[in-house]
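Participant: There's a structure below that I have some questions on.
A short reminder: the numbers here are calculations on the coordinates, not readings from a lab. What you see is a predicted model; the values in this text were computed from it and never measured. Quick reminder, even Gly has a Cβ in these numbers, built from the backbone with ideal geometry, and neighbours come from all protein chains shown.
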Amino acid sequence: MQAEVRKNKLQETGVNFLFKFGAIALLICIIIYFSSISDAFFTYANFTDILRSISIVTLLALGVTFTLVVGGFDLSVGSTMSLSTVVTASLMVWYEMPLWLVLIVPILVGVLVGLVNSFLIVILGIPDLLATLSTMYIVAGFHRTYTEGYSIYNNMPLTSGGTAPGQFSEAFLWIGQGRLFGLPVPVWIMLILVIVAYIVLNHTRWGRILYMTGGNEEAATLSGVNTRKVKFIAYIISGIFASLAGVLFTARVGSGQIDAGTPLLMEAVAAVFVGYSVLGIGKPNALGTFFGAAVIGILLNGLTILNLPYYAFDIIKGTVLVSALAVTYIYAKKRFSRA
Amino acid sequence: MPNPFLSMKAIDKTFGKVHALQKAEFHLQKGEVHALLGVNGAGKSTLMKILSGVYEQDMGEILFEGKKVRIRSPKVAKDQGIYCVYQEVDTAIVSELSVAENILLDSIVAGTSMFISKKKLNSEARDALKQLQAEDIPVEKPAFMLTLAEKQLVLIARALISSAKIIIFDEPTAPLSIHESTKLFSVIKRLKESGVGCIFISHRLPEVFEICDRITVMAEGKFVGTYSTSNTKQEEIIEAMLGTSYSKDFPVRTHTLGNTLLRVKKVSDGVKLRNISFDVSEGEIVGIVGLVGAGKTELAKTLFGYSPHTEGTIEVLGNTLKIKHPKDAIKAGMALIPEERRKEGLFVHEALQTNASFPNLQNFSRFLFMDKRKEKSFAKEIVERLQIKTSNTETPLVYLSGGNQQKVAIGKWTSLDSTLYLFDEPTKGVDIGAKTDIYRLVREFARKRKSCIYFSSEIHEVLGISDRILVMYDGQIVKELSREEATQERILLYASGGKEE
């Protein structure tokens, strides 16, 4: 009897420890392991590389974080990013638009996707996963139809004959490829947005309202919050982050790749759930999301150095996601059973 | 008297520290409709759950058809022929299946044949419905398309087809219209004629007297008495239900009333509430009392803008309010302490201070940024003033007791300086000490010229705390009583749909 109690207690502290420090412990193990087998790993150049490689996923994941905070979910971020990528590229290459329009129009596209999602979820009442699963396919279909299935690049041949008139401008490409104070520009963009998201979520009235809506919608309503409006805003924010990720991706690779966002969805979701548990916060949060993206980025970087074939990466990403989910849900079960 | 069909003798049941049943008795004859009455917490549902196998008694015995039986599980109860028609019919209906499949559910599940003949199924179901004179329900219709009353009939038919000997009706008429109730009563009469024993639980005295042969009254888990409806008056039953133990005294309050703060005129919600009119003055405590299902929570939520009203007006200080959302009600100075505090009132996984500041975030932020110091000092203030027992203000509310959680749910409104507090069953699930604190708080609000509406089904509480009492029954206010006029007996009589002669 007593042994059993002690065993339960051990189990509980074990779960607590895993939940609080699991992600950090994992990160340290990965770094030590890769450093020991490769000299190229633990270098400043490699770390800025990793940060640059996670910048796009982090933006996507921040959007997902906002929808999770209000108790929703957004599966359509990958497709929204793809759409934004080709829209951005087409504005430059096909239509030779000025830079400010090239930056604003994709954001409006993101807002539009967010509005559609919130309409389906908040007004029609379709469960978030199913609604955004549908929009994920619809948006993906739109972006392929828009480009007729081709990627967009400088002076590409057009189906209507001739070649595209425009080119990616230097100023635009700087966003994705330039450096500032020793760090790549995308890294600065990422860091700024992470900090802004962190401040909004953790230190402002808005953040409070977002978390409370997700925590208990009924209680929030009875405290005078218009929870429908709050959810609308969260999905719009998610759309904006996804389209920013698309702009950044276009500037980074210098072309409008088709299906750019699709493979990043899972990484983004995994980043958010790894972030849930960092330091035992137990809620979706901006710093955790960044940390989660970093864990995954470092892992993938190390595996690349190890020459693991790219087609095996999904196994790793999926395993990270399922481990993060397992820790989160086991912990949640314990916490709720006590309540 | 012949030997009873069913005898439950000296039944005892405890849950943790709560002694739910003490030597409870219940005797049923064959072909009898027997009502089981008692106020909330009297133990009627526990006793019926023991009979239907949900719980097993700690002590006492059950004799059925002259034999001693142990009802270890709901399945055993069904095998014996004891069936229950719950108030929430949907929990027992599989909505995607057809009427026939629902009626024959038990035999399908228990059956041994691989294939099920639709034809045979439908004809058996039709026979069962015919016995209830409910042939008009098409047996192939999916169950989710039925009305509540039809679903009840399906459940009764299910019991019949399994040759039920006893059917327990748990508040069957609560969701029904008058016409549907009348139809149900004729079905019950038919069941009675065919020798089925019916146990009827209801809060509505007139219908109990209409269809029942005898009434057994319980109070505080004990058997009070069994009465025959033909030679008993409603008042006697009321007295028996109230028992003797309610003598908690509240100090007498002297108060002067200010202007009329709230005036509700002919409010209906198109669902439950009908033609509700009353007003509340500044510094007044108005008790709204009614039994479970009378519409108190609906009224509180309608006043607060959570659910809409289709007719009538709500005025505060002479201005008609457009209340479309709780935020409009809050702006008009209202505060709601909801009945389901964990579900509706609080964020139980969040810190005490986060909960406390939430209704008035404007006050705890500069520009957009949260002022966590101010938040904390307010939380400390209410912890002290309301005597909330907690280690500190950052403790998540799950770790607090029900009473202390409730104090947070009340205290969080004080930063807004609300003028009208709506308390919906504020002492539900709260220990005695915290109850006294909550009464004291309500009184204190009133002394500070705030108005309070106290919704409760606990008659002695309403009686003790209110300056004026409104009794609700079936979505309406059926009686207004001043503090001097009100007695437990009169309140319960009106709350059960009775009238004074």
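Participant: Return the percentage of antiparallel bridges among DSSP beta bridges fully within region B:279-495, rounded to the nearest 5 %.
Facilitator: Here the share of antiparallel DSSP bridges comes out near 40 percent.
Participant: Please report how many Lys pairs in chain A have alpha carbons closer than 28 angstrom, counting only residues at least 8 apart along the chain or sitting on separate chains.
Facilitator: 20
Participant: Now, a different point. For B:LYS233, give me every one of the lysines with a C-alpha distance below 17 angstrom, ignoring sequence neighbours fewer than eight places off in its own chain.
Facilitator: Leaving aside lysines fewer than 8 places away in the same chain, those within reach of B:LYS233 are B:LYS499.
Participant: With θ set to phi - 60°, apply the Karplus curve 6.51 cos²θ - 1.76 cosθ + 1.60 along region B:211-226 and write out the HN-Hα couplings as whole Hz, x wherever there is a Gly or Pro.
Facilitator: Listing the rounded values in order: 10, 9, 8, 9, 10, 10, 9, 10, 9, 6, x, 10, 6, 9, x, 10 Hz.
Participant: Under 15 Å Cα to Cα from B:LYS374, which aspartates and glutamates show up? Leave out anything in the same chain fewer than 8 places away.
Facilitator: In chain and number order, the partners are B:GLU394.
Participant: Would you mind telling me which residue in A:THR250, A:THR147, A:THR221 has the biggest mean-square fluctuation in a Gaussian network model of chain A, where springs connect alpha carbons within a distance under 10 angstrom?
Facilitator: Comparing A:THR250, A:THR147, A:THR221 in a Gaussian network model of chain A, the most mobile one is A:THR221.
Participant: What's the FRET efficiency of B:THR436 with A:LEU308 using the Cβ-Cβ distance as r and R₀ = 51 Å, to the nearest 0.05? Intermediate results must be reported in sequence, preceding the final value.
Facilitator: Values: r = 68 Å, r/R0 = 1.33.
Once rounded, the FRET efficiency stands at 0.15.
Participant: Per residue of A:202-212, how many C-beta atoms from partner chains lie within 10 Å of its own C-beta, taken as a mean?
Facilitator: 5
Participant: What does a probe at B:LYS499 reach in region B:189-204, counting residues whose amide N is under 18 Å from the point 7 Å along Cα→Cβ?
Facilitator: So the set is B:204.
Participant: With only Lys, Arg, Asp and Glu charged, each at its Cβ (+1 for the first two, -1 for the last two), find how big the charge dipole of region B:6-242 is about the Cα centre; round to the nearest 20 debye.
Facilitator: 640 debye
Participant: Just to be sure I understand: of the beta bridges DSSP finds with both ends in the protein assembly as shown, what percent are antiparallel, rounded to 5?
Facilitator: The answer is about 60 percent antiparallel.
Participant: Given the pairs B:LYS165/B:LYS222; B:LYS301/B:LYS322; B:LYS49/B:LYS222; B:LYS151/B:LYS428; B:LYS44/B:LYS183, which are separated by over 22 angstrom at their Cα positions?
Facilitator: With Cα atoms farther than 22 Å apart: B:LYS165/B:LYS222; B:LYS151/B:LYS428; B:LYS44/B:LYS183.
Participant: OK, next. Specify the inter-centroid distance of region A:78-144 and region A:40-62, based on alpha-carbon positions, in whole Å.
Facilitator: 25 Å
Participant: What does the charge count near A:TYR235 come to, summing +1 for each Lys or Arg and -1 for each Asp or Glu among other residues with Cβ under 10 Å from its Cβ?
Facilitator: Taking every other residue near A:TYR235 into account, the sum is -1.
Participant: On to the next question. Would chain B count as rounded, prolate or oblate if I go by the C-alpha gyration tensor, calling it rounded below 1.5 in a/c and otherwise prolate when a/b exceeds b/c, oblate otherwise?
Facilitator: prolate
Participant: Treating the angle as unsigned and between 0 and 90°, give the value, to the nearest 10°, between the Cα long axis of helix A:205-215 and the longest Cα principal axis of chain A.
Facilitator: In chain A, helix A:205-215 runs at an angle near 60 degrees to the longest axis.
Participant: Taking the alpha-carbon distance from B:LYS272 and a cut-off under 13 Å, which aspartates and glutamates remain once sequence neighbours fewer than 8 residues away in the same chain are dropped?
Facilitator: Cα-Cα hits under 13 Å: B:GLU298, B:GLU311, B:ASP474.
Participant: Here's another thing I want to ask about it. Quick one: putting +1 on the C-beta of Lys and Arg, -1 on the C-beta of Asp and Glu, what dipole do you get for the protein assembly as shown around its Cα centre, in Debye to the nearest 20?
Facilitator: The calculated dipole for the protein assembly as shown is roughly 1300 debye.
Participant: Pull up the DSSP beta bridges for region B:6-242 and report the antiparallel fraction as a percent, rounded to 5. Show your work: numbers first, answer last.
Facilitator: Numbers: 22 of 39 bridges.
Here the share of antiparallel DSSP bridges comes out near 55 percent.
Participant: Let me spell out the model: positive unit charges on the Cβ of Lys and Arg, negative unit charges on the Cβ of Asp and Glu, origin at the Cα centre of region B:9-93. What dipole size does that give, in debye rounded to 20?
Facilitator: Roughly 240 debye for region B:9-93.
Participant: When Cβ neighbours within 10 Å are restricted to other protein chains, what is their mean count per residue of peptide B:322-328?
Facilitator: Across B:322-328, the average partner-chain Cβ count within 10 Å equals 3.
Participant: Place the peptides B:132-145, B:352-365, B:265-278 in order of packing, highest mean first, counting for every residue the other Cβ atoms within 10 Å and averaging per peptide.
Facilitator: Result, highest mean Cβ count within 10 Å first: B:352-365, B:265-278, B:132-145.
Participant: Arranged by the count of other C-beta atoms within 10 angstrom, fewest first, what order do A:TYR235, B:TYR439 take?
Facilitator: Values: A:TYR235 32, B:TYR439 19.
So the ranking, lowest neighbour count to highest, is B:TYR439, A:TYR235.
Participant: May I ask for the net charge around B:LYS68, where only other residues with Cβ less than 15 Å from the Cβ of B:LYS68 are counted and Lys, Arg are +1 while Asp, Glu are -1?
Facilitator: Local net charge: +1.
Participant: Another question, then. For a 24 Å ceiling on Cα separation, which of these pairs sit above it: B:LYS141/B:LYS296; B:LYS324/B:LYS372; B:LYS30/B:LYS68; B:LYS376/B:LYS435?
Facilitator: On the way: B:LYS141/B:LYS296 35 Å; B:LYS324/B:LYS372 31 Å; B:LYS30/B:LYS68 17 Å; B:LYS376/B:LYS435 26 Å.
Long pairs (Cα-Cα over 24 Å): B:LYS141/B:LYS296; B:LYS324/B:LYS372; B:LYS376/B:LYS435.
Participant: Apply the a/c threshold of 1.5 to the C-alpha gyration tensor of chain A and tell me whether it is rounded, prolate or oblate.
Facilitator: In terms of gyration-tensor shape, oblate.
Participant: Between A:ALA245, A:ALA171, A:ALA324, where does the largest GNM mean-square fluctuation fall for chain A, given springs only between Cα atoms within less than 10 Å?
Facilitator: Answer for the Gaussian network model of chain A: A:ALA171.
Participant: Let me ask something else. Please determine, in degrees from 0 to 90 and to the nearest 10, the orientation of helix A:313-338 with respect to the longest principal axis defined by the Cα atoms of chain A, where the helix direction is its Cα long axis.
Facilitator: 40 degrees
Participant: What does the C-alpha gyration tensor say about the overall shape of region B:82-146? Classify as rounded when a/c is under 1.5, otherwise prolate if a/b is larger than b/c, or oblate.
Facilitator: It comes out rounded by the Cα gyration axes.
Participant: I've got another one for you. In a shell of Cβ-Cβ distance under 12 Å around B:VAL196, excluding B:VAL196 itself, what net charge do Lys and Arg (+1) and Asp and Glu (-1) give? Provide the component values of the computation, followed by the final result.
Facilitator: Details: positive: B:LYS30, B:LYS165, B:LYS189, B:ARG190, B:LYS192; negative: B:GLU32, B:GLU193.
Taking every other residue near B:VAL196 into account, the sum is +3.
Participant: Amide H to amide H under 5 Å from A:ILE152: which residues, 5+ apart in sequence or cross-chain, H placed 1.01 Å off N in plane?
Facilitator: So A:ILE152 has HN proximity to A:GLY256, A:GLN257, A:ILE258.
Participant: Another one. Could you tell me how many degrees, from 0 to 90 and to the nearest 10, lie between the Cα long axis of helix A:44-69 and the main elongation axis, the longest principal axis, of the Cα atoms of chain A?
Facilitator: 70 degrees
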